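Each value in this text was obtained by applying a stated rule to the coordinates, not by laboratory testing. If you're wondering where the values come from, they're calculated on a predicted model, not measured in any experiment. Cβ: placed from backbone, ideal geometry, glycine included. Neighbour counts: every protein chain shown.
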Amino acid sequence: MLITSSLFIIGLIGLWKSSDWLIDSGTAIAKYYRVSPLIIGLSLVAFGTSAPELMINIMASINQQPDIVWGNVLGSNIANTTLILGLTAIITPLCFKQLRQTAILIAHTLPPLGLAVCTMINPTLGPSAGCALLLILTGYLVLLSRNNQLPTDSEPGPTQLGPYLALFTFACIALPSFSYLVLTQATALALLMGIPELIISLFFVSLGSSLPELVTCINAAIKRNADMVLGNIIGSNVFNIACVLGISCSIQPIAWQSKLSLEGAFVLGLPIALWLFSRYATQMNRWAGSGLAFLYIAYIAYYLA
């Protein structure tokens, strides 16, 4: 118990520090290339924080564990858009100025819509569906490349890029590594305390793989970097479906399960609801953030009831 607890604490410290490096280096890279922090969050940072989901799903696909494949992707996206977005909005209000752009709406909603179309055509997703999802990812990256300029009055970036690229690369490796350490030790602690394995599999895996997004977004919120928060959440959701799920079903066909209808509705409906909310509100305040966090608690309570 003592060793497990110590490793868990070490993992949390490493997770926080590596997310700090990821944000600082990502922001510096954005300024060097005169790219918006929102775009960096939507791409580089999102890909870095989605690494745990990718690694878990690749192993689950190889081992033919479709429940883990679906649960990890859908559960992580739900946690991102409710719990993580809600907690960061409680820390600092999130401005919706750039979220109102049509390009951002397309980027956020196209992957879940593409997934819905693929499952309607064939409930068992195979290599062809995987290629379609990866094609959506390609279109997403092209879309970002055309909406990436900083305002002309923005602060000048660093003169040297090398150190920040090295730090960013190291942070992308360290973040999922510490996340895995926290996940495994938290699971071990839960088993030692007698928590049922079903609860662990339903919530610890998806929440554990979302730890990089959670810590990175909270860290960015403390730094008052709202663009990085929104970019990381939206980008991670896109990568989870288009990249992680696309690669997973390319490795091993996975069948859609009717018991996941609630999760499917959440993953499809939440991005649209978030965009509609941004059309009528200038920012997400603490009350709206509390509502999102409560929605996630209600989702968990529904399963525990």
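Worth a mention:
- Choice from THR27, THR119, THR81 with maximal GNM fluctuation in the chain (Cα, 10 Å cutoff): THR119
- Adding -39500 (n - 2.57) for every DSSP H run of four residues or longer, then dividing by how many residues the chain holds, sets the calculated 222 nm ellipticity at -23000 deg cm²/dmol.
- Lysine pairs in the chain whose alpha-carbon atoms fall under 30 angstrom of each other, counting only those eight or more residues apart or on distinct chains, come to 6.
- Among the helices of the chain, those built from whole DSSP H runs whose Cα atoms reach 20 Å or more along their own axis and whose mean Kyte-Doolittle hydropathy is at least 0.0 are 2-32, 102-121, 127-145, 162-192, 261-280, 286-304.
- Against the empirical curve 2.2 N^0.38 Å, the C-alpha radius of gyration of the chain lands at a ratio of 0.96.
- GNM top mover of LEU144, LEU22, LEU175 - the chain, alpha-carbon springs below 10 Å: LEU144
- What the Cα convex hull of region 209-305 gives, in volume per residue, is 130 Å³.
- Fewest-first sequence of LEU85, LEU191 by Cβ atoms within 10 Å of each Cβ: LEU191, LEU85
- Rel. contact order, % - alpha carbon contacts under 8 angstrom, at least six apart, the chain: 45 percent
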